[in-house]
Each structure stands twice: as C-alpha cells, then as structure tokens.
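*Asks:* Before I ask anything, here is the structure I am working with.
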Number of protein chains: 2
Amino acid sequence: MTVPNAFPEIEPILSTTMADVVEEKLRTYFRDKGFSPGDALPKEVELAEALQVSRNVVREALSRLRMLGMIETKKRRGMILAEPDVLSGLERLLDPQLLGKGVMKQLFELRLVLEIGMGDLLFLRRKETDLQILQQIVEDELKAASHAERVECDIRFHSTLYRMTGNETLRRFQKLLVPMFQYIIENEAGPDGQTAVGAVSHAGLLAILRHGDPTSFREAMKKHLDPHFLFL
Amino acid sequence: MTVPNAFPEIEPILSTTMADVVEEKLRTYFRDKGFSPGDALPKEVELAEALQVSRNVVREALSRLRMLGMIETKKRRGMILAEPDVLSGLERLLDPQLLGKGVMKQLFELRLVLEIGMGDLLFLRRKETDLQILQQIVEDELKAASHAERVECDIRFHSTLYRMTGNETLRRFQKLLVPMFQYIIENEAGPDGQTAVGAVSHAGLLAILRHGDPTSFREAMKKHLDPHFLFL
C-alpha cells in the first residue's frame, strides 16, 4: 500500500538497493560522457571497473536499462545506447490488479482531459478516409444488439479519434489505458447495468468533425463525456 | 535508432533475453495467482523452482520489477507485491539526450492537448489560495527584468495550473515534461531570441479562472498557446 504523499515536493524515501545506486550511476555516466543513441557502450567489465562495483550488480542495472529499451545488444557491435520507448515502463504498470483506485481515477480524469483537448490536432490532421471509418462505426453502433457490442463500438470510435491526432505517443497511451477503465464503467452503471449517455452522440461528434471547428468539437466532446464528470 | 513502425498493430520483434522472458513470466505468475499489493511473495529460490529457471535470472527480473516499484522488500516480511508508481519508468526515460525529436514533438503536442483540456478540472477544484498564487506570479512576471526570469514565471504559472487540477498523476507528469521543452523554446525563438506571445496573457487566463467558465477557459488557453500551434 502506498501512503498518499502529504508533501508533494518531498520525494518519498525508498529503500535503496545497490542495483538502484548503480542504475542511477550508469545513467549519469552515459549522460555525462555525452553518449547518444547509436553509440557503442563500454563492456560490462569496463563499466564495473569505472564505477568500482561488482560485475553482478552492473549486470542487474544494465538489465533494467535494457528493459526500458535504453540499451540494446547488437551482433558484432556489442551494447549500444538506444532511443528508449517512452511508454515501455508504463506498459508494464498499467494493470488494474496492481493500481489502487486513486491512481485509476486519476488516469480516467486524464482521459477526459485528453479527449476534450485533442480537437485542434484532429482538425489539423483529419482525413476523409478516417471520417468514413468513424461513419462506419456510427452505423455499426446503431445495429449493435447488445450492451457489449455498444461498448465495443464506443472503444473503436474513441480509439480512432486518438489515431487521427497523428500523435503516436498519444495513440499508444490510450491503447494502454483502455483495459484499465472496465472498473470505471462498472462503477458508473445503474442498477440495470446501463450507463448514462451524454447529450452529444458519436454521430454528433462526427458531424462536427466534418463541418465544425475545434471550438465546437471541444464543447461537443465535453457534453459527450458529461455523464463521467458527475462521478469526479 | 528506432525505425518507425509502418504496421502499428504488429508489435516490433525485439531481441529477447532470458531476463525478458522471466520478467514476463513473473508478472503473469503474480497476476494468475491473484496476488494483490501488500501480499507476501514467494522467495527468490522458490520462484526459480516454480518457473524452472536459474536464481540469477530470477534475481535480474525481480530487480526490474523492484525498479518499477512493483515489489518491495520489507524487514521480517520479505518481498511483497506493491502498488507501483505509474510514472517510475517514464521518469527514467524523459531525457532530451536520449529521445529523438519525433517523440519530443509528440510530448510537446501532448502538453498542448492537456492544457486546453484541463479547464473542467480547474473549475471543479480551484481554490482562492491558488488564485492568489497565480496573481503573485502575474505580478512577478510584470517586474521580470530578463528573458530567463520571464521563462521562469511562465513555468511557475503553468505548473500551478497542473497542481490546481487536483490530479497528482497529471501534476507529476508535467513536472517530468518541463525539462524536455527547452529545445522547443529554442526552436521557436526568432533571430532576437524572443518567442511569440499568444493573444491571451497569463493575467487574462487568471481573470477567466476567477470569473469565467470551462468553455471560456479552453478558448483562452488555446489563444494563449496559439504561437506553438504554428510550429506543428
């Protein structure tokens, strides 16, 4: 259990292991020596010597950086520094079984903020082919026979919007978030298992993406998401 | 160098090490066995036996999970599963020296989306004391004698807004992003080193936080950030 931090400016004191220390030392070492992605790195044994620590703990720390995609091992070239995947750590952590309700709620709020704020990117980059995909989803939703099918259409519609922003980090972030929100949907459902629907539908949002502007999109998306705001 | 993925649905094939495999196995094992944060975990030697791998590679994989805050070692209780810090991986990766310009630009766009979309949370949770802090920053900015001082006021103003959302994940995310954007500011500066200023000032945003509503805030923030949109 994580205790909420009453002094947000003071970082919590965590129990520090040798691997933590060496991992931090390695990252500082690479930064200070000016290594860039693509550069060959010293060998494990050389790093152990430079940092005056055992090879075992260097191996452990390197393994952490490898997990984050910060280093890669290439045939013939040995270890190189790599451009890490910014979402690699997050990917492992977004597990509803691990995260407390507090953090889950914060992530859900983040989703609302992103979808209301994404209008400008959408109008900058919308393509006719994507609007047609949204149109298809709206039609599928009308024909949906079950609650599960409607939820699936809802996820497809919103996922398409994230993709349409042309921002790959934003798109992947949303993809990681989707499985997190099952508990929110269950939480918000009434006694009949149904959830409230906003005053603007997916069809309404699509019409605005065709004929409106970022301002009207923002307002419409807020109205679309309004039932969720009641639970904040 | 990361090659852009032309087939976003197909995950890239990365060179997989034993530690990758065992790390994944451990995470699956904890999930399938229904471990929750706070639960005591089997010992390293027991995990090695259960997964039929060497203790060394289990130690390496556990070290990765410890880095992400997913496991902790407690006096007397041994290893326990912990609620991880969702931003712990990201914290290590947001390094302008490591990330390519493509990802940096995506993160900057994310910032614009967040600030335009945060109006609802701000009006839900604004406090008079915070509005007074913003007022002080606006006054400090008027008295600022140098470009550096103005940049500092700008960062303080926007950081305060993130804090005012009451969403700790959002606040910490922004704190991690701030150092990333130096290169953007330099990129956008004209030959005189100055950057363009939006049609709505910090004072304008503050007046809306006092007397306006989320809709007018969103529009004002868009105008405030407009110079950045020219570079997208």
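The values are calculated or read from the model by the stated rules, or taken from the named source; none is laboratory data. Source: prediction; values computed, not measured. Cβ placement follows ideal geometry from the backbone for every residue including glycine, while neighbour counts extend to all protein chains displayed. To get the accessible areas, we keep the full protein, side chains included, count just its heavy atoms, and leave off ligands, DNA and RNA. Shrake-Rupley method; radii C 1.70, N 1.55, O 1.52, S 1.80 Å.
*Asks:* Given the conditions (1) within 20 Å of B:GLU83 (Cα to Cα); (2) away from chain A (no Cβ under 12 Å); (3) exposed (fewer than 14 other Cβ atoms within 10 Å of the Cβ); (4) not β-branched (Val, Ile, Thr), which single one is not true for B:LYS25?
*Replies:* Tallying (1) within 20 Å of B:GLU83 (Cα to Cα); (2) away from chain A (no Cβ under 12 Å); (3) exposed (fewer than 14 other Cβ atoms within 10 Å of the Cβ); (4) not β-branched (Val, Ile, Thr), B:LYS25 fails exactly one: (3).
*Asks:* Moving on. Here's a check for you: in the stretch A:72-86, which residue that is of a type in the set (A, V, I, L, M) and outside any strand (DSSP E or B) is farthest from A:ASP39 (Cα to Cα)?
*Replies:* A:VAL86
*Asks:* Step by step: first the residues of the stretch A:102-138, then only those that are under 18 Å from B:THR215 (Cβ atoms) and of a type in the set (Gly, Ala, Ser), then the one that is nearest to the other protein chains (Cβ to nearest Cβ). Which residue is that?
*Replies:* Per the stated criteria, the residue is A:GLY117.
*Asks:* Also, quick follow-up: Test of understanding: among B:PHE181, B:PHE157, B:PHE217, which residue is within 11 Å of chain A (Cβ to nearest Cβ) and either closer than 30 Å to A:ASP213 by Cβ or at pLDDT below 90 (or both)? Before the answer, list the steps.
*Replies:* Details: B:PHE181 fails: within 11 Å of chain A (Cβ to nearest Cβ); B:PHE157 fails: within 11 Å of chain A (Cβ to nearest Cβ).
That would be B:PHE217, the only listed residue that is within 11 Å of chain A (Cβ to nearest Cβ) and either closer than 30 Å to A:ASP213 by Cβ or at pLDDT below 90 (or both).
*Asks:* Checking the structure you have, find out if any residue of the stretch A:117-134 is open to solvent by less than 60 Å² (accessible area, probe 1.4 Å), in contact (Cβ under 8 Å) with a residue 40 or more places away in the chain and not assigned by TED's automatic domain parsing to the domain that holds A:PHE181.
*Replies:* No, the stretch A:117-134 contains no residue that is open to solvent by less than 60 Å² (accessible area, probe 1.4 Å), in contact (Cβ under 8 Å) with a residue 40 or more places away in the chain and not assigned by TED's automatic domain parsing to the domain that holds A:PHE181.
*Asks:* Could I ask something else about it? Just checking, which of B:GLY119, B:GLY78 is on the phi > 0 side of the Ramachandran plot and more than 13 Å from the chain's Cα centre (by Cα)?
*Replies:* Values: B:GLY119 fails: on the phi > 0 side of the Ramachandran plot.
After ruling out the rest, the residue left standing is B:GLY78.
*Asks:* What pairs come out if I take residues in the stretch A:202-219 that are in the same structural domain as A:ARG150 (by TED's automatic domain parsing) and pair them with residues that are of a type in the set (S, T, N, Q) and assigned to a helix (DSSP H, G or I) whose C-beta lies under 7 Å away, six or more apart or interchain?
*Replies:* Pairs that qualify, where the first residue is in the same structural domain as A:ARG150 (by TED's automatic domain parsing) and the partner is of a type in the set (S, T, N, Q) and assigned to a helix (DSSP H, G or I), are A:LEU206/A:GLN135; A:ILE208/A:SER216; A:GLU219/B:THR215.
*Asks:* Being outside any loop (DSSP other than H, G, I, E, B), over 24 Å from B:THR28 (Cβ atoms) and open to solvent by 20 Å² or more (accessible area, probe 1.4 Å) is the filter here, so list the residues in the stretch A:49-71 that pass it.
*Replies:* Correct list: A:GLU49, A:ALA50, A:LEU51, A:ARG55, A:ASN56.
*Asks:* Give me the pairs: first residue in the stretch A:28-44 and in a loop (DSSP other than H, G, I, E, B), second residue of a type in the set (Gly, Ala, Ser), beta-carbon distance under 6 Å, and six or more apart or on different chains, which are they?
*Replies:* Cβ pairs passing all conditions: A:PRO37/A:ALA82.
*Asks:* For the structure I just gave you, tell me whether B:LYS105 is surrounded by 14 or more Cβ atoms within 10 Å (Cβ to Cβ), under 23 Å from A:GLY89 (Cβ atoms) and either in the same structural domain as B:ALA220 (by TED's automatic domain parsing) or modelled with pLDDT under 95 (or both).
*Replies:* yes
*Asks:* Which one of the conditions (1) assigned to a helix (DSSP H, G or I); (2) open to solvent by 20 Å² or more (accessible area, probe 1.4 Å) does A:PRO96 fail to meet, given that it meets all the rest?
*Replies:* (1)
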